[in-house]
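Have a look at the structure below, then the notes.
Taken together, the values in this text are just the output of simple stated rules run on the coordinates, not laboratory data. Just so you know, these numbers come straight off a predicted model, no measurement behind them. Please note: Cβ atoms are built from the backbone with ideal geometry, for glycine as well, and neighbour counts cover all protein chains shown.
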Protein chains: 2
Amino acid sequence: MDFLDELKFLKEELKFKGRIKSTNYEKIVLAGMGGSGIAGKIFQDIYTKRPFCVVDDYRIPDFVDRNTLFISMSYSGNTAETMAATAAAMKRGAHVVTVSSGGKLSSYGDERIHIPRRDLQPRSAIGYMLIILMRSFGITADRDLKDAYSVLAKLDENNRECQKLAHDILSKKKIPVIYGGAPYKSVAYRWKTQFNENAKIIAYSSSFPELNHNDTMAIALTYGKKNFGFFVLDSEFDYIRKRARLTAKVAKAEFNFIKPQGKNLTSRLFYLIHYVDYITYYMAKERGINPADVHLVEEIKKGLKDVVV
Amino acid sequence: MDFLDELKFLKEELKFKGRIKSTNYEKIVLAGMGGSGIAGKIFQDIYTKRPFCVVDDYRIPDFVDRNTLFISMSYSGNTAETMAATAAAMKRGAHVVTVSSGGKLSSYGDERIHIPRRDLQPRSAIGYMLIILMRSFGITADRDLKDAYSVLAKLDENNRECQKLAHDILSKKKIPVIYGGAPYKSVAYRWKTQFNENAKIIAYSSSFPELNHNDTMAIALTYGKKNFGFFVLDSEFDYIRKRARLTAKVAKAEFNFIKPQGKNLTSRLFYLIHYVDYITYYMAKERGINPADVHLVEEIKKGLKDVVV
């Protein structure tokens, strides 16, 4: 699939019906790296009924036991860290649910969710991963998903704003700094990683209110202030909105506020997720590089295949 | 206290004997912002026997209930986010332990740990906060703390290396990028915040192995590559050490490896925490700014005092 088609495919992922059957566990741990782990991190920001912990490493927490729901997500089904974490969780007797499009992972698990194999970049499968979680734990409904589909389709048709932002960042060689706040803390992190992987530039993310305890002084007084491009994922929570505006004023910085569109949380989440797809796609295009290329990630995987943890 | 004396005071904090008495709860939630929250985040990386969740916001997770140990940390005892989170936890019937040097927080809680009032910057009280947690949950022993004390004392006497690094960063106007890995993931975040607050420059942190799924391409191909100063907090885990070295090679980047000193985890953790105290202190000195000054953080607090969450 061409990378642009891959981006447009996000809305189709919302239709996926796969879900976890046994969700009634005391503790939930999700293992996943990159795009899969990010789905877990975004979900953690919006689901707090039970302790939900994301593992982005080989090792699992000591508390994983028979009373733990352990969700292993890997689009390829061959992510080394996720495989190691899953094997450890199985030994502890956790209820293991694997989510993959194939690979070794797909033949393990007390429950196995198979997502369609379309050779997407793993980061492009975030829609599948997040929707499985949101459906399984009742955070989204068919009506929400229908609205989200049309919000994404509209962005696929018209994303000139994203192209303009891409050109603005590039022409001034800006380093993107993305600030989120509830419920979009980890969506800000998704933005960082899309800048890294698609546009191949360094970026970083942080969140309100925590950043007011450290970043604030730096925004105001750092050297090279003009080299940074500040983005705020605007929140529907008034306390976050006010903080963001006061921070811009106090630190004398220009913040780009990105307003999420849509009638419900599902739509707004996916709108923000998709928005940076286009910014980073246009950046790669303007830089003359392939947004899909991640050959160094592959090189590192190969170089570490004999590592024992 | 002069800021340099404040930094040197870190080793004295290790002697604090305060501890949480009732630790036997199913779930643990720690509320804290800035330096207090960071103590919780660092602790979360090394204690995984039970679900341990850090809240750096006003709102608390829905799962907080009578079976939850809720630890509220605020050096001043007046942090708005922590106060709101604590009030909510009390309503839910959680076992609340407050840790403060005074303020409103000190008169709440089923258990109250009072730390000495010395008018430190809240970020300089990280020793108290972390040692309370490590002692309470049996992660450190008197012998470890004795070694840690002497490791810190040595760094107080000789920190020319830190001064050299400070000068190197400043003279090239570099943006620090700090990479951690187990067990120092959140120590890397502490580094970021000390660069922000003491040196007043923008910095960012990330951790292995997750960063190999996104940062890697960016390190190799970003524009302005020479503007970044990469630091790696070296791990005692071989799988992290190998990754870090392979990443430097594959992405063709110069990484500064910081080797933790000390015979045990407590010493090494505090060595790494203290090391950046000196880097950022010397940076502030060379920039001619006051490392203790955080007047914009105060301005934001004042501007938001009527905000309802």
>> Below 14 angstrom from the Cβ of B:Lys302, what's the summed charge of the other residues (Lys, Arg +1; Asp, Glu -1)?
In response: +2
>> Of the candidates A:Phe195, A:Phe231, A:Phe63, which one comes out as most mobile in a Gaussian network treatment of chain A with C-alpha springs shorter than 10 Å?
In response: A:Phe63
>> Quick check: the angle from helix B:185-197's long axis to the longest principal axis of chain B, C-alpha only, nearest 10 degrees?
In response: 80
> Which whole number gives the average count of other chain Cβ atoms within 10 Å of the Cβ atoms across peptide A:291-299?
Replying inline: 4
> Straight-line reach from A:Lys249: which aspartates and glutamates have a Cα under 15 Å away, not including same-chain ones fewer than 8 places off?
Replying inline: A:Asp215, B:Glu298, B:Glu299
>> Relative to 2.2 N^0.38 Å, what does the C-alpha radius of gyration of segment A:144-287 come to as a ratio? Two decimals please.
In response: 1.02
> What lysines sit close enough to A:Lys305 to cross-link, taking a C-alpha to C-alpha distance under 16 Å and skipping anything fewer than 8 places away on the same chain?
Replying inline: A:Lys104, B:Lys242
>> Compute, for the protein assembly as shown, the length of the dipole vector about the Cα centre, with Cβ point charges of +1 (Lys, Arg) and -1 (Asp, Glu) only. Units Debye, rounded to 20.
In response: 100
>> Taking just the alpha-carbon atoms of segment A:40-82, what radius of gyration and Dmax come out, in angstrom?
In response: 11.4, 30
> lysines near A:Lys49 by alpha-carbon distance under 16 Å, same-chain residues fewer than 8 away left out - which ones?
Replying inline: A:Lys27, A:Lys41, B:Lys27
> To one decimal place, what Kirkwood hydrodynamic radius in Å is obtained for segment A:1-120 from all pairs of distinct Cα atoms?
Replying inline: 14.6
>> If each label sits 7 angstrom from Cα along the C-beta direction, how far apart, in nm, is B:Arg160 from its counterparts in the other copies?
In response: 6.3
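I'd like the mean, over residues of A:218-229, of how many other protein chain beta carbons sit within 10 Å of each residue's own Cβ.
Values: counts 12, 4, 4, 9, 9, 9, 7, 2, 0, 5, 2, 0.
Mean number of neighbouring Cβ atoms from other chains: 5.
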> Could you give the alpha-carbon Rg of segment B:227-272 over 2.2 N^0.38 Å, rounded to two decimals?
Replying inline: 1.25
> So how tilted is helix A:80-91 from the main axis of chain A? Cα-based, degrees 0 to 90, rounded to 10.
Replying inline: 40
> Peptide A:233-241: average number of partner chain Cβ atoms within 10 Å per residue?
Replying inline: 2
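Given the pairs A:Lys11/A:Lys192; A:Lys302/B:Lys259; A:Lys263/B:Lys91, which are separated by over 23 angstrom at their Cα positions?
Working: A:Lys11/A:Lys192 21 Å; A:Lys302/B:Lys259 26 Å; A:Lys263/B:Lys91 32 Å.
Beyond 23 Å: A:Lys302/B:Lys259; A:Lys263/B:Lys91.
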> If you average the sequence gap of Cα pairs under 8 Å that are 6 or more apart and divide by the length of chain A, what percent do you get for the contact order?
Replying inline: 18
> Based on the Cα gyration tensor of segment B:157-215, what are the three equivalent ellipsoid semi-axes, each the root of five times an eigenvalue, rounded to whole Å and given largest first?
Replying inline: 22, 14, 11
>> Using only the alpha-carbon atoms, how far is helix B:160-171 inclined from the longest principal axis of chain B? Give it as 0 to 90 degrees, nearest 10.
In response: 70
> Does anything in segment B:223-237 have its amide N under 17 Å from the 7 Å Cα→Cβ label point of B:Lys252, and if so which residues?
Replying inline: B:223-228
> Which three semi-axes in whole Å describe the equivalent ellipsoid of segment B:67-155, each the square root of 5 times a Cα gyration tensor eigenvalue, listed largest first?
Replying inline: 26, 16, 9
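Compute the convex hull volume of the Cα atoms of chain B, divide it by the residue count, and report the result per residue in Å³ as a whole number.
Residue-normalised Cα hull volume stands at 138 Å³.
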> Equivalent-ellipsoid semi-axes (√(5λ), Cα gyration tensor) for the protein assembly as shown, whole Å, largest first?
Replying inline: 35, 28, 25
> Which distance in Å, rounded to a whole number, links the C-alpha centroids of segment B:81-97 and segment A:21-97?
Replying inline: 28
